[in-house]
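These notes concern the structure reproduced below.
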């Protein structure tokens, strides 16, 4: 049994890759899967903060690649879910710290340890780190904002996924590509100020696996180091839960695409 | 569409503009994707060879890769300067 490798990527920075990686990994663990989530952003470690384990990082991804620590030593066990582990990025400034062989060795090690899923949190850009994060993937979640530069960059990434990855080079079945639209604001879409789900799907020629509404809860969740999927009252959290279910093959309708109508009390008292 | 809509013609919503711009640029970038990495280099080397015989500018060389039902066609066109004569070696051209 080999682990399914999911890369969370985007090209453009700041669109919600790490937020998404943390929530998808946590969601898969909630479903009973054994999951490792790896931060590929060498030099700019951040996933540990979003997962809330920043003070427990002893060894990192590069230490394992260089044989300075074992995989078991470097994997940080989540405090909330027994089957969820984090592998932090190194803070070295050496960009060549990761190699293709090294990454392959770590992914193989995780398969041997019985992991069901490995979520690879890609750095922004299309440089080496992003290339390594996507190279071995079976699934790709392309995070996109309804905004021109993000949409254009995701098209570029979709092109790279279908040409510069192991599956493409070996002529195997293509990586399964999933589009995740984040920071969606139905009110702005309604007045024509923001690209709609359909607009983005039309331009990129691929349908979305989920739509995460813009939400104050995302910042609150990152402030406290709790993946937003665990905030069950928030629409963003619920939308991530739906996305995880869809990734696992379940069919669920998209939610939170309509403008929320304010209730009587909200209209009277504001809010 | 309301009856009075034509009375208050508003500018196009910015999302419509965004979609149209993206549609065009994405199509353009997809058409040059695939085998573009060596094209700039090929263009430069071709220029060196052509320059031995005719004085042309790099802009005069156009290279395109077209895909058509499984076939790939490398299309190359060189616009020769007006006063170049076939067979003449390296004329001083404008």
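Since every read-out is calculated from the coordinates, none of them should be taken as a lab result. From a predicted model like this one, the values you see are computed outputs, not experimental measurements. All Cβ positions, even for glycine, are placed from backbone atoms using ideal geometry, and neighbour counts span all protein chains on display.
A Förster distance of 51 Å, applied to the separation of the beta-carbon atoms of residue B:76 and residue A:217, puts the FRET efficiency at 0.35. Spin-label pair residue A:112-residue A:149: with each label point 7 Å from Cα along the Cα-Cβ axis, the two points sit 4.3 nm from one another. Computed over chain A, the per-residue total of -39500 (n - 2.57) for DSSP H runs of n ≥ 4 gives a 222 nm mean residue ellipticity of -11000 deg cm²/dmol, rounded to 500.
Sorting A:228-235, A:129-136, A:169-176, A:29-36 by average packing, meaning the other beta carbons within 10 Å per residue, from highest down gives A:129-136, A:29-36, A:228-235, A:169-176. If R0 is taken as 45 Å, the Cβ-Cβ distance between residue B:14 and residue A:55 corresponds to a FRET efficiency of 0.55. The Cα-based radius of gyration and maximum Cα-Cα distance (Dmax) for chain A are 18.4, 63 Å. Ordering A:147, B:59 from the fewest to the most neighbouring beta carbons within 10 Å gives B:59, A:147.
Ranked by the mean number of other Cβ atoms within 10 Å of their residues, highest first, the peptides A:114-123, A:240-249, B:18-27 come out as A:114-123, A:240-249, B:18-27. With the simple model of a label 7 Å out from the Cα in the direction of the Cβ, residue A:198 to residue A:99 spans 5.2 nm. For chain A, the longest principal axis of the C-alpha atoms and the axis of helix A:235-247 are separated by about 50°. On a per residue basis, the convex hull of the C-alpha atoms belonging to segment A:144-188 measures out at 57 Å³. Nearest 5 is fine: what % of DSSP beta bridges in chain A come out antiparallel, could you say? Among the beta bridges of chain A, antiparallel pairing accounts for roughly 5 percent. Translational diffusion coefficient of segment B:19-79 (Stokes-Einstein, Kirkwood radius from Cα pairs, 37 °C, 0.692 mPa s): 248 µm²/s. Between residue A:127 and residue A:80, the modelled label-to-label distance comes to 3.2 nm, taking each label 7 Å out from Cα in the direction of the beta carbon.
Sequence-distant contacts, meaning Cα pairs under 8 Å at least 6 residues apart, place the relative contact order of chain A at 24 percent.
Were the residues from residue A:191 through residue A:207 laid out at 0.36 nm apart, the gain over their Cα-Cα distance would be 3.5 nm.
The mean sequence distance of close C-alpha pairs (under 8 Å, at least 6 residues apart), as a share of the length of segment B:19-79, puts its relative contact order at 24 percent. The distance linking segment A:131-153 with segment A:205-256 is 17 Å (Cα centroid to Cα centroid, whole angstrom).
Under the rule a/c < 1.5 gives rounded, and otherwise a/b versus b/c splits prolate from oblate, where does segment A:1-125 land using the Cα gyration tensor? Since a/c stays below 1.5, the shape of segment A:1-125 is classed as rounded. Rounded to the nearest 10 degrees, the inclination of helix A:100-112 to the longest alpha-carbon principal axis of chain A is 80 degrees. For the residues of A:169-181, the average number of beta carbons from a partner chain within 10 Å of their own beta carbon is 0.
Need one number: the % of Cα-Cα pairs in segment A:52-206 sitting beyond the 29 Å mark.
Result for the distance tail: 30 percent.
Against chain A, whose longest principal axis is taken from its Cα atoms, helix A:148-161 shows a tilt of about 40°.
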